[in-house]
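Structure record follows, encoded as structure tokens.
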Amino acid sequence: VSISFKRLREAETIDSIIAKNFPKSKHKMLNTPQYDAFNWLRNVHGEKEEINEREILSQYGLNTLYLSTNGNSWTKKTNWMNTTDECSWYGVTCGSTGEVIELDLSNNNIQGAIPQEISAM
């Protein structure tokens, strides 16, 4: 029972972080990139002892971008949605404290609109 309760608490924390930064977010609407990115975060961060807001927002923004722009068809997508270390994802450059400082996905077959959630980085 404590594991289920703990996972619920982490999911609520992630939901709160997203809702606070994107009050009109679609992260609870089925069949949206935002919903899929939120569920990915809940799955991979659900059992962590500590939830890092900067990390959640960076990964939410990047995953929403990936899902909104047909990421499965990108030419290069190493580690995208495969690891919680966004600094290891293709085209993502991070600073010394782990914050995303650059995103270079040029010539990568990106299709679609850039979502507002990318501003979370």
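Computed over protein heavy atoms with a 1.4 Å probe, the accessible surface of the stretch 20-81 works out to 53 Å² per residue.
For the stretch 70-121, the orientation-averaged shadow of the C-alpha convex hull comes to 3.8 nm² (one quarter of the hull surface). Can you pull out the GluC sites (Glu not before Pro) in the stretch 1-110 whose DSSP state is coil and whose Cβ has at most 10 other Cβ atoms within 10 Å? Qualifying residues, ordered by number: GLU47, GLU49, GLU50.
Solvent-accessible area of LYS26, all protein chains in place: 100 Å² (probe radius 1.4 Å, heavy atoms, ligands and nucleic acids excluded).
Around GLN34, with a cut-off of 9 angstrom between Cβ atoms, what is the net charge of the other residues, counting Lys and Arg +1 and Asp and Glu -1? With Lys, Arg at +1 and Asp, Glu at -1, the neighbours total 0. With both labels modelled 7 Å from their Cα along Cα-to-Cβ, the THR83 to ASP104 distance reads 1.9 nm. Hydrodynamic analysis of the chain uses the Kirkwood radius over alpha carbon pairs. Inserted into Stokes-Einstein at 4 °C and 1.567 mPa s, it gives a translational diffusion coefficient of 88 µm²/s.
Partner aspartates and glutamates whose Cα lies under 18 Å from the Cα of LYS77, excluding those fewer than 8 positions away in the same chain, are identified as ASP36, ASP85, GLU86, GLU102, ASP104.
The values are calculated or read from the model by the stated rules, or taken from the named source; none is laboratory data. All values reported here derive from a predicted model rather than from experimental measurement. Because the Cβ atoms are built from the backbone with ideal geometry, glycine has one as well, and the counts that use them run over all protein chains shown. For the accessible areas, the whole protein counts, side chains as well, though only heavy atoms, and no ligand, DNA or RNA atoms are used. Shrake-Rupley method; radii C 1.70, N 1.55, O 1.52, S 1.80 Å.
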